[in-house]
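These notes concern the structure reproduced below.
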Amino acid sequence: MLSDYIIHRIERGSSMKHKTGLVFTAAAVFGMMLAGCNDKSNNGASPSAASPSAQPSAGAGAPAPAAPGGKQEVEIFSWWTGAGEEAGLKGLIKAFEGKHADIKVINSAVSGGAGTNAKAVLASRMQGGDPPDAFQVHGGAELNTGWVAADKVIPLNDLYEAEGWKTKFPQDLIDLVSKDGNIYSVPVNIHRGNVLFYNKKIFDNNGLKAPTTFDEFFAVADALKAKGIVPLALGDKEPWAAAMLFENVLLGQLGTEDYKKLWTGKLSFDDAKVKTSLETFKKMLTYINPDHAARNWQDAAQLVSNGEAAMNVMGDWAKGYFTTDLKLTANKDFGWVATPNSSGMFMVVTDTFAIPKGVKHQEAAREWLKVLGSVEGQDVFNPLKGSIPARIDADKSKYDVYGQSTIEDFKASKLAPSMAHGSAAPEGFTTQANQVVNIFVTNGDVNQALKALKQAQSSSIK
């Protein structure tokens, strides 16, 4: 199911097997937990889940219960544990503590790229009646068909009104975190998922230009391979990285209009264009590093930064890793272009925070969300994370050349939702797609993958 945000912006623009184990299991657990959360028997709650309780409004003024020693606390839950994101989170915590010295922040981050492990832990806690006070969630289907549909999060309309956010966030972005007239989370950033990063020294030394089409990509890759340079770095120890590479091939081959139809069921996954996408993806995989299954996305990005590989397709959290962790300079040490055939398109990934029902420290959690949604909070976090601010009035001077150009690209591009990062499709489909792509990377069976993706679409996308 697509959010109104993506539909609105896109329509406007058109007027091996071993590595599935832990991550797939975690995602499967998350899906089962959500199914349990959606169980409306027993008066709307499963026997093991805490019943949702009425919460005071922002204006009620009820203080958060005090932690031992008389200090209040707020527990925040995310998967930001490294590579730019951890630095950004620490910046947010510092900004929060500067405003609220009386509130202790409990940082309950769980490691694992794209939240693969964190989502399973969160689902277990939510189902067991032990939710964190605020949690990270991708805007779009992950929020709306997951936690909102399960009636596990509180609406934040009054907070948006009080903070004046309805005129500070793009309406399209507000739509992405809304359902049935209620707003359920606060966006802290916007990431671009369709970025090809490249080592400028390698390209300059070999007289190469960054590829913007698939034909150009394969020509460049052949030239690099002939000189003993790994053309494309991939780290799919966690399978979402390969799924993300595939969704970018889909975007380039289908364009935004047909790409969005996959998530509404209007275009079948056994369509000839999807088959072409898989064949293109298969060819791209002949240019990757042989140890890809043993590496995570940071490892793959580092291959590019140290000159062992030339290119890497990744969301722009990789830019945050390059500049914050590896101390590289944008447009000097590394360059970037949109992934092949996707110029003028923007694969949207947005990190947001929501508040569960029945939390112990709701007022402190609301104060946390206020910092996330503030100009100060966004301008502390995003330059470190590699993302751009969700607010339209952020200070562009705080962003480097990459950030400033991406802010402008977002305004002008046709938008597309990321499947790999929860915006495009329900969690059930994403889980199955990760497994399908993971197997495909190993065996390259196009027809088998088409059949499996079609089955996943039929079972998960209504």
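The values are calculated or read from the model by the stated rules, or taken from the named source; none is laboratory data. Please read these numbers as outputs of a predicted model, since none were measured by experiment. FYI the Cβ positions are ideal-geometry reconstructions off the backbone, even for glycines, and counts take in every protein chain you see. Remember, those area values only see protein heavy atoms, side chains included, never the ligands or the DNA or RNA. Shrake-Rupley method; radii C 1.70, N 1.55, O 1.52, S 1.80 Å.
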With N residues in region 383-457, what two-decimal value do you get for its Cα radius of gyration over 2.2 N^0.38 Å? 1.57
Charge dipole magnitude, Cβ of K and R +1, D and E -1 - region 249-297, Cα centre, debye nearest 20: 40 debye
Quick one: Cα convex hull volume of region 232-305, Å³ per residue? 90 Å³
For a quick check: with amide H placed at 1.01 Å from N, whose amide H comes under 5 Å from Asp316's, ignoring anything fewer than 5 positions away on the same chain? Arg192
Would you mind checking region 278-310 for residues with the amide N under 20 Å from a putative spin-label position 7 Å along Cα→C-beta of Asp333? 296-310
Using only Cα atoms, locate the centre of region 237-283 and the centre of region 74-131, then give the distance between them in Å, rounded to an integer. 32 Å
Return the aspartates and glutamates within reach of Lys168: Cα separation strictly under 20 angstrom, same-chain partners fewer than 8 residues apart disregarded; answer none if there are no such residues. Asp4, Asp158, Asp351, Glu367, Glu376, Asp379, Asp393, Asp395, Glu408, Asp409
Dividing the alpha-carbon radius of gyration of region 129-267 by 2.2 N^0.38 Å (N being the number of residues), what value is obtained? 1.44
How many nm separate the modelled label positions at Ser405 and Thr276, each set 7 Å beyond the Cα in the direction of the Cβ? 2.8 nm
Skipping prolines and chain starts, which residues have an amide H placed within reach, meaning under 5 Å, of the one on Asn189, given they are 5 or more residues away or on another chain? Asp351, Ala390
Solvent-accessible ranking of Asp222, Asp215, Asp316, largest area first, probe 1.4 Å: Asp215, Asp222, Asp316
Using protein chains only and a probe of 1.4 angstrom, how many square angstrom of Phe197 are accessible, to the nearest 10? 0 Å²
FRET efficiency for Asp130 and Thr81 from the Cβ-Cβ distance with R0 = 22 Å, rounded to 0.05, comes out at 0.60
Within the accessible area of region 173-236, what % is carbon and sulfur when the probe is 1.4 Å and the other protein chains stay in place? 47 percent
Considering only lysines 8 or more places apart in sequence, or on different chains, count the pairs in region 264-337 whose C-alpha atoms sit under 17 Å apart. 6
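Ignoring any ligand, DNA or RNA, what whole percent of the accessible area of region 305-413 comes from carbon and sulfur when the probe is 1.4 angstrom?
48 percent
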Would you mind pulling out the separation of the Cα centroids of region 180-222 and region 372-405, in Å? 19 Å
Whenever you get a sec, compute what percent of the accessible area on region 420-459 sits on carbon and sulfur atoms (1.4 Å probe). 48 percent
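Equivalent ellipsoid semi-axes for region 276-342, as square roots of 5 times the alpha carbon gyration tensor eigenvalues: give them largest first, rounded to whole Å.
Numbers: eigenvalues 98, 45, 20 Å².
The answer is 22, 15, 10 Å, longest axis first.
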Using only the Cα atoms, work out Rg/Rh for region 188-341, with Rh taken as the Kirkwood radius, to two decimals. 0.97
